[in-house]
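The values are calculated or read from the model by the stated rules, or taken from the named source; none is laboratory data. Treat the numbers as computed from the prediction; the structure is a model and nothing was measured. In this analysis, Cβ positions are derived from the backbone assuming ideal geometry, glycine residues included, and neighbour counts consider all displayed protein chains. We work out accessible area using only protein heavy atoms, side chains counted, and drop any ligands, DNA or RNA first. Shrake-Rupley method; radii C 1.70, N 1.55, O 1.52, S 1.80 Å.
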Amino acid sequence: QVQLVQSGGGLVQPGGSLRLSCAASGFTFSLYAMSWYRQALGKERELVAAISSRGLIRNYASSVKGRFTISRDNALNTVDLQMNSLNSDDTAVYYCNRAPSAAIPRRPGDYWGQGTQVTVSS
């Protein structure tokens, strides 16, 4: 069965960096785009970044562009989110998501990671 297992996250001071990783199994990873979403307390879940199946196309939310980088390794079946220059607005639970197809998705797919808390605070 499809599994997305996340690692990373935690508490970081403003201006700091964190790296999230998502290990996929149970499907042919290289055939699907992957995304990272986040949900802050009291807010709706939002798309943070997405990467196409071969990693050639990457999209970012305007709020994270220039600070976050999404990457994937199709040999290791992993997708990462490098987060730099973090601020309090980045505090949220972060989720990886398997897109419905190989292309950058317009909506989330059916499979989610377990979620990882990222807290930016001094």
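Values for this structure:
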| item | result |
| --- | --- |
| Model label zone, Ile57; criterion: amide N under 11 Å from point 7 Å along Cα-to-beta-carbon; scope the stretch 82-118 | 102-106 |
| Neighbour net charge for Ser30 - beta-carbon separation under 13 angstrom, K R +1, D E -1 | +2 |
| Extension gain from Gln117 to Ser71, taking 0.36 nm per residue of separation minus the Cα-Cα distance | 14.6 nm |
| Under-5 Å amide H pairs with Ala103, H placed in peptide plane, nonlocal only | Ala33 |
| Karplus (6.51, -1.76, 1.60) ³J(HN,Hα), θ = phi - 60°, over the stretch 41-52, in Hz, Gly and Pro reported as x | 4, x, 10, 7, 5, 10, 6, 9, 7, 9, 9, 5 |
| Probe 1.4 Å, protein heavy atoms only - accessible area per residue of the chain in square angstrom | 53 Å² |
| Dipole axis of the stretch 15-88 (+1 Lys, Arg; -1 Asp, Glu on Cβ), positive-most option in Ser35, Ser17, Gly66 | Gly66 |
| Which of Leu76, Val48, Ala102, positive extreme of dipole for the chain (C-beta unit charges) | Ala102 |
